[in-house]
Amino acid sequence: MQETKDQLVVYERNLGDEKGWVYCNFSDNEETIELTKEVSEAKIILTNSNNKVENTLLTLSPYGTMVLVK
């Protein structure tokens, strides 16, 4: 997993052939994270307002959370 800023919590979980990634922004500022190609192609299963993935960039709104699976 990549190194992130202190205000971000990022982790990966694996179960058999499935992978899941959780991204949480615990600040009142928008944060942008460079994703791997594998994560950027994963399905978004949970998100709150104004978070987005464009190509390999994840933008999390203040206090934003996103969960992806593949």
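The values are calculated or read from the model by the stated rules, or taken from the named source; none is laboratory data. It should be emphasised that the depicted structure is a prediction, and the values quoted were computed from it without experimental measurement. In this analysis, Cβ positions are derived from the backbone assuming ideal geometry, glycine residues included, and neighbour counts consider all displayed protein chains. Each accessible area value is taken on the protein alone, full model and side chains, heavy atoms only, with ligands, DNA and RNA left out. Shrake-Rupley method; radii C 1.70, N 1.55, O 1.52, S 1.80 Å.
Exactly one residue out of N29, N14 is in a strand (DSSP E or B), surrounded by fewer than 13 Cβ atoms within 10 Å (Cβ to Cβ) and either among the β-branched types (V, I, T) or at pLDDT 95 or above (or both): that is N14. Considering only the stretch 1-16, state which residues are within 14 Å of V69 (Cβ to Cβ), touching a strand residue (DSSP E or B) at 6+ places or on another chain (Cβ under 6 Å) and not charged (D, E, K, R). Selection gives Y11 alone.
So that you can scan it fast, the table gives a plain yes or no per residue for (1) touching a strand residue (DSSP E or B) at 6+ places or on another chain (Cβ under 9 Å); (2) touching a residue at least 12 places away in the same chain (Cβ under 8 Å); (3) more than 26 Å from D17 (Cα to Cα); (4) not hydroxyl-bearing (S, T, Y):
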site	(1), (2), (3), (4)
E30	yes, yes, yes, yes
I33	yes, yes, no, yes
S40	yes, yes, no, no
K43	yes, yes, no, yes
L46	yes, yes, no, yes
N55	no, yes, no, yes
L60	yes, yes, yes, yes
T65	yes, yes, no, no
V69	yes, yes, no, yes
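Scanning the stretch 13-70 for residues being aromatic (F, W, Y) and at positive phi gives a total of 1.
Of all residues in the stretch 17-26, those being over 11 Å from G64 (Cβ atoms) and surrounded by 13 or more Cβ atoms within 10 Å (Cβ to Cβ) number 4.
Go through the stretch 32-53 residue by residue and tally those that are assigned to a loop (DSSP other than H, G, I, E, B), open to solvent by 30 Å² or more (accessible area, probe 1.4 Å) and closer than 18 Å to G64 by Cα. Walk me through it before giving the result.
In the first step, residues of the stretch 32-53 are kept if they are assigned to a loop (DSSP other than H, G, I, E, B); the result is 35-36, 41-42, 48-51.
Okay, now just the ones that are also open to solvent by 30 Å² or more (accessible area, probe 1.4 Å), so 36, 41, 48-50.
Subset that is closer than 18 Å to G64 by Cα: 48-50.
Of the residues in that region, 3 qualify.
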